[in-house]
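The values are calculated or read from the model by the stated rules, or taken from the named source; none is laboratory data. Being a predicted model, the structure only gives us computed values, none of them experimental. All Cβ positions, glycine included, derive from the backbone under ideal geometry; neighbour counts span all protein chains shown. With ligands, DNA and RNA removed, areas are computed over all heavy atoms of the protein, side chains included. Shrake-Rupley method; radii C 1.70, N 1.55, O 1.52, S 1.80 Å.
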Amino acid sequence: MTPEPNANETLPTPPGDDTTAPQAAPEVASQEPAVVDAASAAPAEGTAATSAAPSEGADATSAAAPAEGADASDAGDDADDDSTEEAGDDADASEGGDDDAPAAGEAADATPGAPGEKKKRRRRRGKKRPADGVAADGTASPAGPAPASTAPTGDRKPKPAHKKPGGHPRERAAFHVGEETFGRVTSVTADAIMVDLSGKALGIFDRHELAADDLIPEVSDRFVAYVHGDGTRGGLVVLTRKPLREEEAKPMLEAAAASGVVVHALVTGIVKGGVEVDVGGLRAFAPASGMDLRLGADLAHYIGQRLDFVVAQYEKRGRDVVLTRKPMLETEAREVRKSAVSKLEIGAIVKGIVRTVLPYGAFIALPGTDGLEGLVHMTEASHDRGARLSDVLKAGEEVDVKILRVDERGKIFLSRKAATADPWGEVRDKYAEGTRHKGKVARIQPFGVFVELEPAVDGLVHTSDLTLRRIEDPSEVVKVGDEIDVIVAGVDPGQHRIRLHPALPEGEEVDPKLRVAPHKIVKVAVVTPESAGLVVRVLGITGRNARGFIPAGLTGTERGTDLRKAFPVGAQLEAKVIEIDPRRGEAKLSLRAVKEDREKAAYNEYRQSVAKASKFGTLGDLLAAKGKL
C-alpha cells in the first residue's frame, strides 16, 4: 500500500523549480499499486533498481513502469538518465504549450514548491526519441506522439567510416598477422613455396624454415602456416611456422649495417619503388635502383629468389630497414666489362645493333661481348656533315662500325663513317678547280651557303662571293632547295672542304690567268649605275675579286651627267685598276685614267715620230736608205 503523506515532510516542487525528483503525469498516478510494486520489484526487466525508490516526498507512482507499447530499452535509458535532466525536460515541455502542458500544469498545482527556494535551470541533454504514444519520461502520452518541437529527439549521428588520406575507405585485410591459415601449393622453387590461400591471395613461404628432415610439399598439397605479413603494402602474403624468428634477425642486421657484411634475404613481392624483402622474418625494402643497374627494369622475376644484399639503412629498431644489391652489381659489371673489353681489337670493323639515338650520338650494342655498348659520336656517324643523326641511324637496325679506341674508364668509341667508303676520295679529280657544276642549296648560314654537289659532298659559297651587291644575309639571294650553277674555286680533300663561286653567265669563260692588280687595264661590265659611280664586274673572274667600283669623278664625264643614261646596265668597258681595298677586296677603277693613258701613249708616239723625221743625216745615209748605193 502507498504510505500516507506526512504534513512535516517537504512536498515536491513543480517542474522547473526543483529538479531533485522526477514528476509523473496524473494518468500514471491512477495506476494500480500492484503494478507499481511489480515494476519496482523486478529490476531485471530493464529498469534500474534505483528508479523504484522515489526520492523524499515523491509520489510512489512516479517510479511506475512504462505504459504498454513502450520498448524496454527506452524505459531503461530513461531510468538511467539523471533526475535533474528529466525535470528540466518536463519544464521545457510545459513552457512550450504542447498537448502535455495541461498535465504538467495539474502536477504543478498539486505540488507547490518550497517557499524561498531559488529556481534552477539546467541545460537540456538530448535523449533517444521515445516510441509513438510514450512520453520522454517513459509514461504514456495522452495525445499520441509529441510534436518534434516539444520532444527533443536526442538522435545521435552515426560515426563516419574511417577513410584513407586518398578519400577511399580503407580495405580490410583478408588475413591478419598471427592467425593460422591454409592453402594449396601452386609451385615449389629452390628458395620458396608459393601457396594459393583459397583464391583470396597468393602466399610465399621461405623454404629455409623447413628442417632437413621435413617433407617438401608438392604442387596441390595442402599447406598450413601462420600469417607473418598480410600483404597490404603490395607484396605477397608472407607465411611462416616460426612467428618469433624476427627477434633473432634484428641483432644480426644491426651488426651487418655497421660492418657491411652481406646478408641473404628472400624477395617476397613488388611494391612501389622497389621490392619487399624478408630477412629472417623481418620485413625490409630494396629500391629498384639497388636491384638492377638498368633504369626501369622489370623486377617481377626476382620474386621467390634468395639473393645477397648489403644493409644500407637500419633504423627504428628494425622497423625501417633498407637493403641494396648495387655494390655487388657494380663490381660484377666491372669485371664482366673488363673481360669483354680485353677481347676487342682496336681498328676492327664489327657489326652492331643501334640501341639508342641521342642528339649528341648513338649507342651501338656489340653482339657477342656480354652486352657491351659503344658510342658513335655525331661527327662519326656520316660523311655528310649536314645529315641529321636520326635520319642516318635508326633504333634496332644493324650497322657496320669501326672500333676507334677504348679509354681508361672502359668507354668504347665507334665510327660508322670510318666503316663506309669515303666519297671525298675522288673529289680532287671529279671537282677540279675551275670546273662548272650544278648543285642544290642545302643549308644557309650567316657566313655563307652550303651547296650539295652529291650526297655527303658539299661546298661553301661565302656571302661576299655570292653576289656583287652588298647584302646582310644570304637568304636575300637564295633559298634552301634552290638549284644554282657554281664554279669550283678551291679544293681541300683532307679537310673535306670545297670553295665555290657562282658560275659566270652562259657564253662567258673563266680566265684562270687573269689577275686584278693595280695599274692594270681590265674589261668590266656595268652592274648598277649609281649617283656616286658605277658598280661593275670584272669579266673573266668569279667571286669577290670580280667586284669593282668606278667613282663618278673617274668616269670621264662632265659634272651632272646622268650615269644611268650614259652607262646602261650590261655595257662593257675598259677600266684601269687604281687600287684594291685590302679589307673588302674591291677594286677601285677609272675610265678617265684609261683615256688619259691612251692620249698620253698617242702623244708619246707622235713625239717619237716627229723626232725621227727631223733627223735628216748625210746624203750618203739618204741614198743608202733608198738602196741606191
Gained length - THR379 relative to GLU506, 0.36 nm times residue gap less alpha-carbon distance: 41.8 nm
Per the rule of 0.36 nm per residue minus the C-alpha distance, extending GLU476 to ARG317 adds in nm 49.6 nm
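Where in the range 392-497 are there GluC sites (Glu not before Pro) that are in a DSSP coil and have at most 11 other Cβ atoms within 10 angstrom of their Cβ?
Working: sites: GLU397, GLU398, GLU408, GLU426, GLU433, GLU452, GLU472, GLU476, GLU483; in loops: GLU397, GLU408, GLU433, GLU472.
Counting only loop positions with at most 11 other Cβ atoms within 10 Å, the GluC sites (Glu not before Pro) in the range 392-497 are GLU397, GLU408, GLU472.
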For the pair ARG355/ARG241, report the inter-label distance in nm, with labels modelled 7 Å from Cα in the Cβ direction. 4.5
Of the accessible area of the range 391-535, computed with a 1.4 Å probe and all protein chains kept, carbon and sulfur make up a percent value of 49
What distance in nm separates the simple spin-label points at ILE346 and GLU530, each placed 7 Å from Cα in the Cβ direction? 5.8
Sites ALA552 and GLU454, calculated FRET efficiency, Cβ-Cβ separation with R0 51 Å, nearest 0.05: 0.65
The range 285-346 and the range 430-463 have their Cα centres apart by a whole-number Å value of 54
Distance between modelled label sites at VAL224 and GLU596, nm, 7 Å Cα→Cβ extension: 12.8
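When the convex hull of the C-alpha atoms of the range 469-600 is computed, what volume per residue in Å³ does it have?
151
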Rounded to the nearest 0.05, what FRET efficiency do ASP562 and ARG469 give with R0 = 35 Å and r taken as the Cβ-Cβ distance? Could you check? 0.95
Proximal charge balance of ASP400 [Cβ under 9 Å; K/R count +1, D/E count -1]: +2
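Which value, to two decimals, describes the C-alpha radius of gyration of the range 442-513 once divided by 2.2 N^0.38 Å?
Working: Rg = 12.4 Å, N = 72, 2.2 N^0.38 = 11.2 Å.
In units of the globular-protein estimate, the range 442-513 measures up at 1.11.
Strictly greater than 20 Å: what percent of every Cα pair in the range 324-481 meets that? The partial results should precede the final answer.
Working: 7660 of 12403 pairs.
The share of Cα pairs beyond 20 Å in the range 324-481 comes to 62 percent.
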Could you work out how much longer the chain between LEU210 and GLU335 gets when fully extended? Use 0.36 nm per residue separation minus the Cα distance between them, nm to one decimal. 41.4 nm
At 1.4 Å probe size, with every protein chain present, just tell me what the per residue accessible area of the range 250-361 comes to in Å². 56
For the range 242-329, go through all pairs of different Cα atoms, get the mean of 1/r, take its inverse, and jot down that Kirkwood value in Å. 12.9
